[in-house]
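K.L.:
Provided herewith is a single structure, encoded as structure tokens, for subsequent inquiry.
The values are calculated or read from the model by the stated rules, or taken from the named source; none is laboratory data. Here the structure is a predicted model, which is why all the values come from computation and not from measurement. Here the Cβ positions follow ideal geometry from the backbone for every residue, glycine too, while neighbour counts run over all protein chains shown.
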Amino acid sequence: MGEAATGIGTALPDLDLDPQGVASPDRPWITIVWNDPINLMSYVTHVFMEVFGYPKSKAEKLMMDVHQKGRAVVSNGTRERMELDVNTLHGYGLWATMQQDT
């Protein structure tokens, strides 16, 4: 069955395109972690500390943003680095996407 029939698929990140339809190279990219019904808050905090080396206070603040606001920007930088961060977070079972910063 296709994605339309099953509702299962991988969403592509939202790209901020200039009027010619090309991603703007002068703006950094960001990694966003989204709230999910599966992972415990303590686990999300642990992942932020392990993956990004954040101190517990920063990891807890980001986790609370995810929990209360539905999302948090956890890293920024080059597109390639954000692709690596997203893939790493997926490996930990977190819902993460990337997009060009606005």
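K.L.:
Only one of 73, 47, 66 is among the β-branched types (Val, Ile, Thr), surrounded by fewer than 19 Cβ atoms within 10 Å (Cβ to Cβ) and out of contact with any His (no Cβ under 8 Å at 6 or more places or on another chain). Can you tell me which?
P.N.:
73 is the lone residue from the list that is among the β-branched types (Val, Ile, Thr), surrounded by fewer than 19 Cβ atoms within 10 Å (Cβ to Cβ) and out of contact with any His (no Cβ under 8 Å at 6 or more places or on another chain).
K.L.:
Residues being in a loop (DSSP other than H, G, I, E, B) and either basic (Lys, Arg) or in contact (Cβ under 8 Å) with a residue 60 or more places away in the chain (or both): count how many of those fall in segment 36-86.
P.N.:
So the answer is 0.
K.L.:
Looking at segment 9-57 only, could you name the residues that are among the polar types (S, T, N, Q) and at pLDDT 60 or above?
P.N.:
Passing the criteria: 24, 31, 35, 39, 42, 45, 57.
K.L.:
Within segment 76-94, how many residues turn out to be out of contact with any helix residue (DSSP H, G or I) (no Cβ under 7 Å at 6 or more places or on another chain), crowded, with 17+ Cβ neighbours inside 10 Å, of a type outside the set (Val, Ile, Thr) and under 19 Å from residue 46 (Cβ atoms)?
P.N.:
Going through segment 76-94 one residue at a time, the tally reaches 1.
K.L.:
Residue under question is residue 93, and the condition is that it be among the small types (Gly, Ala, Ser), on the phi > 0 side of the Ramachandran plot and modelled with pLDDT under 95; does it hold?
P.N.:
So residue 93 does not fit the description; no.
K.L.:
Among the residues of segment 87-102, which ones are in contact with a strand residue (DSSP E or B) (Cβ under 9 Å, 6 or more places away or on another chain) and without any contact (Cβ under 8 Å) to a residue 24 or more places away in the chain?
P.N.:
Passing the criteria: 87, 90.
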